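Okay, structure first, notes after.
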Amino acid sequence: MKPVTVMTIFGTRPEAIKMAPLALELSRRENIRALCCVTAQHREMLDSVLEIFHLKPDYDLNIMEPRQTLSTITSKCLLGMDGVLDEARPDLVLVHGDTSTTFAGALSAFYHQIPVGHVEAGLRTYDKWSPFPEEMNRKMVGAIADLHFCPTVTNRDNLARENIKTGVFLTGNTVIDALQTTVKERFTFQEEVLNRLDYQNRRVILVTCHRRENYGQPMTNIMTALRRIADAFPDTELVYPVHLSPVVQEAAHKYLDGHPRIHLIAPLAVDEMHNLMARCHLVMTDSGGLQEEAPALGKPVLVLRRETERPEAVQAGTVKLAGVEEETIFSLASELLTSESAYAAMAHAVNPYGDGQACRRIADAIEWRFGLRQTPPEEFQG
């Protein structure tokens, strides 16, 4: 039987972390000819992930440019994908999540009448402006996609409410699969300050903050709260890998520079981030991926956003929504740093996002969909 050609398309670091293990799983299947196309929407941050997973793209659009806009990203992706899809003619295109690359990749496949599979399907806030532009990206991809790989039951239910009920598979999240590759008991960081931290006797707080929706006053509030936390708790060390965005760089250095226990460092490679997460005490983040990854490592998460498209984590008790107001952020962090019971309740809650088998389920679903296996994939029992 002729192998099915499946092309994964991604362009940012978070997508790469979640798609790399899937691309590798597809490449191991005898019935699948796996191709990989990257847009390099985030060039440097993407390349480090590809290197760690030993993944070599078949196509690289290399679209990144200084101060790029959503329009330039989307248009350059569409134009670049034209030639790629004309040449490769895959039987299925896989996109991930909700970035501009995700939307452009799905739209281009649709224009070429190629079926689309959406990995991490069904996330919703029901507010088209938050997160912006991600909420509309994923809704539009949901309308285009033929196969929908949902991490959780909530995601599947969201699609059902939009009358998307066929081609839907409950898989768990591929990011949990990625952790199995990256986290190691003995690990030496490239960033020397991370090797010097006393993880046994100091409480290390991992911070990330980069979303467009937090630009402006919300980011000012977050930075001010972080400095207050460092001042109020002398046994804490805050580690903040600062996103390369000039807006984020400016805010972080303006409010956090000069504090002896706040470490502003360069963005970390995925294996460094995962191993730092495994060793830290608490995570404070506006990142979607960290809300899924940290609970798998037993780390409480405070989400620095007004809402989250990951309500399962809130319901499970692995994350709390801290919002973007200084007082609320400081208060919730203080509770976790002073109350052992509050900390334990979050650290020991069960992660609803996966069991490390999502990539296998997705590959099984593709083989079943194309008649290459007899039985549908087992569902994730989250």
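The values are calculated or read from the model by the stated rules, or taken from the named source; none is laboratory data. Just so it is clear, the structure is predicted and the values come from calculations on it, not from any experiment. All Cβ positions, glycine included, derive from the backbone under ideal geometry; neighbour counts span all protein chains shown.
For the reader, a short list of remarks on this structure follows.
- Hits in the stretch 334-350 (condition: surrounded by fewer than 21 Cβ atoms within 10 Å (Cβ to Cβ) and either among the β-branched types (Val, Ile, Thr) or in contact (Cβ under 8 Å) with a residue 12 or more places away in the chain (or both)): 334, 337, 338, 343, 345, 347, 348, 349, 350
- Identification of helices (runs of 4 or more DSSP H) wholly contained in the stretch 150-199 with 3 or more residues that are of a type in the set (A, V, I, L, M, F, W, C) yields 153-161, 174-182.
- Qualifying residue in the stretch 227-246 (condition: touching an Asp or Glu at 6+ places or on another chain (Cβ under 9 Å) and among the polar types (S, T, N, Q)): no
- Extreme residue, nearest to residue 272 (Cα to Cα), among residues of the stretch 226-244 that are surrounded by 16 or more Cβ atoms within 10 Å (Cβ to Cβ) and within 24 Å of the chain's Cα centre (by Cα): 241
- Of all residues in the stretch 276-312, those satisfying the criterion of being more than 29 Å from residue 153 (Cα to Cα) and either crowded, with 22+ Cβ neighbours inside 10 Å or hydrophobic (A, V, I, L, M, F, W, C) (or both) are 276, 280.
- Among (1) over 26 Å from residue 162 (Cβ atoms); (2) touching a residue at least 12 places away in the same chain (Cβ under 8 Å); (3) among the hydrophobic types (A, V, I, L, M, F, W, C), the one test that residue 73 misses: (1)
- Verdict on residue 161 being under 24 Å from residue 26 (Cα atoms) and among the basic types (Lys, Arg): no
- Checked against the criteria, residue 196 counts as in the same structural domain as residue 289 (by TED's automatic domain parsing) and over 22 Å from the mean Cα position of the chain (by Cα).
- The criterion of at least 2 residues that are at pLDDT 95 or above and either assigned by TED's automatic domain parsing to the domain that holds residue 48 or small (Gly, Ala, Ser) (or both) is met, among helices (runs of 4 or more DSSP H) falling completely within the stretch 205-316, by 217-232, 246-256.
- Residues in the stretch 107-165 that are closer than 24 Å to residue 368 by Cα, crowded, with 19+ Cβ neighbours inside 10 Å and charged (D, E, K, R): 120, 156.
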